[in-house]
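Everything on this sheet refers to the single structure shown next.
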Amino acid sequence: MTASSAESATHIDLYWRPGCGFCSSLRGQLDQLGVERIEHNIWDEPGKADVVRSIANGNETVPTVVIGGIGIVNPSAGELVAHLAQHAPHLLPDDSVA
């Protein structure tokens with residue numbers, strides 16, 4: 001996928017699972033920043049685990065974020081916001097400072 005895919009993205013998909021500290025941290029930070037996303041619990045939705053494995057070299061590494069077909073494995077909130085600012089600023093809250 002290309003950066004133009006992210007530029008035309010209509011939403012952010014966040015893949016997570018219960019008990020994952022990294023997932024909890026990222027979700028909490030994105031809540032504080034007001035970053036909207038669609039969340040997928042890979043334990044409740046087995047097909048979503050397939051998506052994660054396709055991005056994370058066969059592993060179920062979460063959190064995994066997909067924006068316009070571009071997958072990012074275990075990003076920090078800062079990395080994700082920087083990616084959005086560069087490739088999909090329309091998905092950031094209006095008052096966001098990246």
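What follows is calculated from the coordinates using simple rules that are stated; it is not laboratory data. Please read these numbers as outputs of a predicted model, since none were measured by experiment.
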> Does segment 3-89 classify as rounded, prolate or oblate by the C-alpha gyration tensor (a ≥ b ≥ c root eigenvalues; a/c under 1.5 gives rounded; else a/b over b/c gives prolate, otherwise oblate)?
Replying inline: oblate
> Can you list residues whose amide H is under 5 Å from His40's amide H, if they're 5+ apart or on another chain and H is modeled 1.01 Å from N?
Replying inline: Leu14, Tyr15, Trp16
